[in-house]
Structure formats: C-alpha cells, structure tokens
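Input: a single structure, listed below in structure tokens.
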Amino acid sequence: MKHLVKKKHIIPILVCAVFLFTSAFQNKFFEIAKQIDIFTTLFKEVNMNYVDETNPGDLMDTAIKNMLANLDPYTNFMNEQDVEAARINNSGDYTGIGAKVKTLKDKLLIIEPYKDYPADKAGLKAGDQIIKIGTVLVENYKGDAADLLIGSPDSSVEITYKRQGKTQTASIKRAEVEIKAVPYYSMVSNKTGYIVLNKFNNKATSETNYALRDLKSQGAETIILDLRGNPGGLLDEAIKIVNLFVPKGQLVVTTKSKVDKYNKTYYTKNEPIDTNIPLVVLINGTSASASEIVSGSLQDLDRAVVLGSRSFGKGLVQRPKELSYGTQIKITISRYYTPSGRCIQALDYWHRNEKGEAVRVKQEDYNEFKTKNGRKVFDGGGVFPDVLVNSYEKSPIISAIIENDLIFNYATNYHYNNTVNDIYNLKLDDTDFKNFKNYLKTNNFSFETNTEKALQKAFETSKKDGLNNTINTDFNALMLNIESSKSSIIDKNKAYLLELLTEEIIKQYAYREGFYNYLKKNDNAIKKAKEILENQSVYFDYLN
C-alpha cells in the first residue's frame, strides 16, 4: 500500500519535471530560432537594398564580433586562418621564416628572430619592418599578411623591409620551425635547477619532464619553475605539469558550468617524477589561465612556494566548437576552481561600468579558502604569491607606453646606437631613464586620462553657458598640473620601466637564450628563490 502511495506522488512529480524541462528547452529553442529568422531577414534586406554596394562578409564579421564582445574577450569567432594559427600555437610546429612577427596597419614588425632559423640566417633583426612580401604590398593586403610568410619547406620568399629608415631586401628559404614550450633550462647554482615554461602547448609536459630529469641528473636538489609571462594554453597539460610534482590520484582542478557535461573534476593520472624536491614557482601579472592552474594548485596543495607578483586572474575555460566552412568558435564553457575551491577570476564580465568595461572584483569581496596545511588563500584576484617580489602597480599611462611599442622601439634604437661590451652586466642608469623620457616626448607620446576627458567635456559645456572666460585661466592651470602628475607617474614607475627596457635590450643583443642567461645572474626573483631554497627551514616555514 505504501509503495502505491509513493508511486501516486512520484509519478506526477516526474511528469511535471519532464514537462517543465521540456517546456523550458522548447521556449529557448523557439527564441533562438525566432532571433535567427529576424537576423537572416534583416541581413538579406540590407545587402539587397542598401543604397551603396555592401560586402556581406565584412558586415557579418562586424555583427559577430560585436555580438561576442558583450560576453568576454575569450569567446571568439575563428576563421580558417585563425583555426590554423590556433593549431600552430597548440602544436608549436609550423613551416615559415622562424620569427615572432607583429601585424600593424601597413607593415609587419619583426619582434624577435629565432636564433639559427631562416630569418636570423638571412640577417633580419628585431625592429625590421616588412613592407612587401613577394609582389604583395603589406599595406594593400586585406587579410593578415603574416600568413604570406608561411609555406612549404625549402620554398623561398622574397621580402622587402625597412631598417632604421633604409629599405633592404632579403630572400629567405622557409623551414620547419619548432617553438619550444620550455625554451631554456639550466643549473643556477650547485644544487638548484631552473626551468622556463613559456606556454602550455601539447609539448609542455614532455619538455618539462625532460628538463626536470636532466637537471636532477646534473645534481639539482631544488627547482625553480618560471611561469612569468606564460599566457596559458591546454588545460590537460597544466594538470600533467602539476602531476610531475604530486602523487597520482590528487585533485588538481574542478570545472563548473551550466552544461552538465562540462562539470568535471580533474585528478592526476600518472606516477610523479618527484613529490619531495623543494619547488619555487615564479609568476607575474602576465601569468594567466593554465599558469594559474599550476601555480594555484601547487600553492593550495602546499607543494611549492609561489614567488613574484599577483597573476593575471583568468579563471575561465574555453573550448573550440566546429562551425561550417572550416571556421570555429572558441567559447567560454566553464569556470575552474583550484583544489581549495577558489576561482581566481579577477574581472566580472557580467557586470560592467557605465563605459561597458568589465569591473574588477573588489578586494573586500574576496572569499577566504584554506590550503592543505591550513594557510589562508583568496579568490577573485588571480594567484597572490607567498613571497612578493618585483610587484608593480601598472597605471594606464605605463600600459599605454607598452602597448604603443615604445619600450620595444627605444630598445631597437639603443641596439643600433650603442656598443655594449658585457651584455650580461648591463645596468641602465638615471641618464638612460632621462633619455627614455626624452624619447617619449620626441615621439609625441600622449595619453589622455579620464580626468582630462571629463574636464575637457566640462569646459566645452562651460563655453555654451558663457562661463569659459571666467574659468579659462583656472582650467589651463589645472590641465598643466595634470600633465605634471602624468610625468610624476612615469618617474614613480622608473624601476619597472628600466627593468622592461633592460630585458628588451638584452634580447636584441643576445637573443632569448642570452636573456635567460642574464636573468640567471641578475634577476631579483631568481635570487630570492635561490635564497629560500638554500634554507630548508625558511622554505618549509612558508608552506606551514
């Protein structure tokens, strides 16, 4: 009888649940179909009837980009070229000239020729501006002209480029290019090994594994793993990297989504290399995503001392989805959580300010979590290091200097106008900083702050109200004070700017390998890491 009563209650509940779920699904599907129909009709009418000639491809590209821009910066439409670029990034292999290139409006800028690859052998240097590839002028090319540098092995490409104002040509024979996930590793003292992990492509674990084993064979009893500047990559590789240092069966990361199949827990699956070797992980403000999974997980498990400055704060996971005509969409499917349960996502893309910009999670809204040993860690703002070293508050003005390639361009000019006898002992001084500030002026660097924009708008309004004659003097004085304040911000960031300039200059003289050799000798973070690792009681004090 009791079973019959239960069935009488359970069956109607199940029927209602199925009905509600089905109804919600149908409503969502209908709304999507409705909006697609509206858009298709509108798109057709615009292209068929607009007064001037339209380009359907350009219009669609704009529509897609603007739609996705309202979500987050990681959800992107990928055309065939983008899909190929993603494949190269994940594999680390392609056939080309062997150089890091930046696409600008009317030229391609050589950022870094890889040592002993075709571009380097042909004499190309950082700062060279490619203006013509074969018979194609870069400024007239509709797509990404960098794609023209890729081709079959042993095929030749003729390029025309400008260096320090002079036009030159070069013939480059393309070759297989391997971009290593671990571009450098070596001993930095008798007992400490140093591994640089630059990206999480599908070679990251195998190359880190090899470096770790090799360093141990050379006598390494402690390890520094450098993730500074590493933007992330493949989630599985991040888990496997953690697995090199923690036992099989350990929870590393959890992903949570509105779609059930993306709710997953990831555990280590393999036997580790070494679960006891003392480990310091270096991070900074450009260590993101998979780098934060590795550093955050090792911190939560009290397996490593994390040293440096606060990481970027990307706690979102993307997955590519196949579309038609060889295109894809890379879409954010979930958030990830480190073993303690924290999500380190720093920007809230679902709440924006009046300018439409994602707001940063406020420090008072951070939640506290505990590591394996009970240490306090927090969510909401990237991974905060156990030891703070080289931490700089980057202002919008400093960001603008970097984004406008002024650090890179100054380093290029320095390279061509200075002789450095001992690059590994290069120390920039007050005179160099003064020269850099003069360089900013002569290159018309200007940055309009939000304060200036607001004041200018208010002043324009005052003209309409007939008040500008009264406040004109005060307004000009205020703008001069703001200009002086901007200069003082640059002065306050002197140490950071000189560090960036030094790093860029070193790379232009001695390639990336020389840059890491310089860091081994001069970098404050590496020095502090060695100091901690050489004193076991200090090392374990941080973890306990």
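Where Rh denotes the Kirkwood radius from the mean inverse Cα pair distance, what is Rg over Rh for the range 268-334? Walk me through the intermediate numbers first.
Values: Rg = 16.1 Å, Rh = 14.3 Å.
Rounded to two decimals, Rg over Rh is 1.13.
What FRET efficiency comes out for the pair Ala33/Asp106, r = Cβ-Cβ distance, R0 = 35 Å, nearest 0.05? Could you put the intermediate results ahead of the total?
Details: r = 44 Å, r/R0 = 1.25.
So, using R0 = 35 Å, E works out to roughly 0.20.
A Cβ-based charge dipole, computed about the Cα centre of the chain with Lys and Arg at +1 and Asp and Glu at -1, lands at about 1540 debye.
With contacts taken as Cα pairs under 8 Å and at least 6 residues apart, the range 184-391 reaches a relative contact order of 18 percent. The separation of the range 523-544 from the range 170-238, counted between C-alpha centres, amounts to 21 Å.
Taking 0.36 nm per intervening residue step and subtracting the Cα-Cα distance, what contour gain separates Lys166 from Asn450 on full extension? Before the final figure, lay out the partial values.
On the way: separation 284, 0.36 × 284 = 102.24 nm, distance 3.90 nm.
So the chain would gain 98.3 nm between Lys166 and Asn450.
In the range 362-460, which trypsin sites (Lys or Arg not before Pro) fall in coil by DSSP and have 16 or fewer other Cβ atoms within 10 Å? Here the trypsin sites (Lys or Arg not before Pro) that fit, given the DSSP loop and packing criteria, are Lys362, Lys372, Arg375, Lys394, Lys427. Here the range 348-502 is assigned +1 on the Cβ of each Lys and Arg and -1 on the Cβ of each Asp and Glu. Its dipole about the Cα centre then comes out at about 160 debye.
Treating r as the C-beta distance of Trp350 and Thr62 and R0 as 30 Å, the FRET efficiency rounds to 0.80. As a ratio to 2.2 N^0.38 Å, the alpha-carbon radius of gyration computed for the range 93-178 takes the value 0.96. Over the range 473-542, with a single point scatterer placed on each C-alpha, what log10 of the ratio I(q)/I(0) does the Debye formula yield at q = 0.15, 0.18, 0.29 1/Å? Each listed q corresponds, in turn, to -0.71, -0.81, -1.13. Each helix, a run of at least 4 DSSP H residues, gives -39500 (n - 2.57); summed and divided by the residues of the chain, these come to -14000 deg cm²/dmol at 222 nm.
Lys-Lys pairs in the range 400-514 that are eight or more residues apart or on separate chains and whose Cα atoms lie under 24 Å of each other come to 25. Compute the Kirkwood hydrodynamic radius of the chain, taking the inverse of the mean of 1/r over all pairs of distinct Cα atoms, and give it in Å to one decimal. It is 27.1 Å. Extension gain for Val259-Ala495 works out to 80.3 nm (0.36 nm per residue, less the C-alpha to C-alpha distance). Cut-off 15 Å, label point 7 angstrom out along Cα-to-Cβ of Ser156: give me the residues of the range 125-146 whose amide nitrogen falls inside. Backbone N within reach: 134-135.
Label point 7 Å out from Asn413 along Cα-to-Cβ: which residues of the range 424-451 have amide N under 11 Å? Flagged as within label range: 435-445. For the range 328-368 versus the range 283-300, the inter-centroid distance based on Cα atoms is 15 Å.
Coordinate-derived values only; no laboratory data. This structure is a prediction, so every number in the text was calculated from the model and none was measured. Cβ atoms come from the backbone with ideal geometry, glycine included; neighbour counts cover every protein chain shown.
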